[in-house]
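A short worksheet on the structure shown next.
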Amino acid sequence: MATRTKSRQSDRSSSNRSSSAGSNRSSNERSAFSWGESGPIIAAALGGAALGFAANYGRKFITQAVSGISGDWDEVLATEHDLALAVFDKMLATDSSQTWKRSMLLMQLTHMLDKHAHEEEMVVYPALREADQAVEADQLNAEHGYIKTFLYELGKIGPDASNWLEKVREFRVLVAEHAKMEEGQVFPAFKRNLDEEQNAKITALVNKDGFWAA
Ligand SMILES: [Fe+2]
Ligand SMILES: [Fe+2]
């Protein structure tokens, strides 16, 4: 676990992680989020609310299946951090002519971060506050606000803006630092004081929340 955390964090400063972590996780990434890129086309082909409803549940199961791979709640969240950072790297590999790809990647990232924030804000941060880590929970919660601000700004400037890549690069730094604080400090300190049953409960609640937010 310690080794995993260390190697994970050593990747955080890089803005080009796709060659390392990306290659390890590319199959997961494809299976989990391929819906995001082909979704509108498939949805249009299916037509009808009933089929759309069923497809949405299929996506939920696929997304949740990937989230469930890692086991404990903190590992699920760490995997989601890595998947989001890999999307940032794809965004950073685009040029201003690839406006459609940029828009699709931004939509995918928004969905991933939204689900992730929901799991943390509805389960993990309240549990941190309960465990006398309210200061950390509130700081992390405030950072989620700035993450949403970046999403808003990227949507506002549009995918062909001259400062799009610069904005994405800044955004990635914020998310990487945020993830590093969670994985390296706050979550381990919290987890150390959980017994097995409490830990399992947090894992179950995160998985349940992730399913509905997927
Ligand atoms: Fe967070
Ligand atoms: Fe997180």
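Each value in this text was obtained by applying a stated rule to the coordinates, not by laboratory testing. This structure is a prediction, so every number in the text was calculated from the model and none was measured. Ideal geometry is used to build each Cβ from the backbone, glycine not excepted, and the neighbour counts take in all protein chains shown.
Would it be correct to say that Q133 is surrounded by 14 or more Cβ atoms within 10 Å (Cβ to Cβ) and of a type in the set (S, T, N, Q)? Spelling it out, Q133 is indeed surrounded by 14 or more Cβ atoms within 10 Å (Cβ to Cβ) and of a type in the set (S, T, N, Q). No other residue among L113, L154 is within 12 Å of ligand 1 (Cβ to nearest atom), of a type in the set (A, V, I, L, M) and within 18 Å of the chain's Cα centre (by Cα) apart from L113. The number of residues in the range 195-211 that are surrounded by fewer than 17 Cβ atoms within 10 Å (Cβ to Cβ) and over 19 Å from H111 (Cα atoms) comes to 8.
Looking across the range 109-127, not a single residue is buried (at least 22 other Cβ atoms within 10 Å of the Cβ) and polar (S, T, N, Q).
Can you confirm whether A137 is closer than 18 Å to V173 by Cβ, hydrophobic (A, V, I, L, M, F, W, C) and part of a helix (DSSP H, G or I)? So A137 does not fit the description; no.
Just so you know, in the range 117-136 the residues that are under 22 Å from A176 (Cβ atoms) and touching a residue at least 40 places away in the same chain (Cβ under 8 Å) include one that is farthest from ligand 2 (Cβ to nearest atom), and it is Q133. With the checklist (1) touching a residue at least 60 places away in the same chain (Cβ under 8 Å); (2) under 22 Å from M91 (Cβ atoms); (3) more than 16 Å from ligand 2 (Cβ to nearest atom) in hand, flag the one item N193 doesn't pass. Result: N193 passes all but (2).
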